[in-house]
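Just below is one structure, and these are the notes that go with it.
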Amino acid sequence: MPTRQPRYSKEEHARRGEELYERLADDVLTASERLLARYPDAQVWCVRVGHRAVHRFGSQATGTA
């Protein structure tokens, strides 16, 4: 299998990633609405960066014993 060469420099890759990240919405509903406005037949899939789930169900432990 041939080795893939980067398309962009590290700086350009970082800039493009930041630009995309900033274009996304602060909440799932707004991001989904924007996606569906552009692609009405889209299949929406959401992830929360740094977490295994988009949302948490139930109460949160307070850390007091």
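The values are calculated or read from the model by the stated rules, or taken from the named source; none is laboratory data. If you're wondering where the values come from, they're calculated on a predicted model, not measured in any experiment. We place every Cβ from the backbone using ideal geometry, glycine too, and count neighbours over all the protein chains shown.
A few remarks follow.
- Of Arg16, Arg52, Arg23, Arg4, all but one fail to be of a type in the set (D, E, K, R), surrounded by 10 or more Cβ atoms within 10 Å (Cβ to Cβ) and at pLDDT below 90; the exception is Arg16.
- Among the residues making up the stretch 1-55, those that are part of a loop (DSSP other than H, G, I, E, B) and hydrophobic (A, V, I, L, M, F, W, C) are Met1, Leu24, Ala25, Ala42, Val44, Trp45, Cys46, Val47, Val49, Ala53, Val54.
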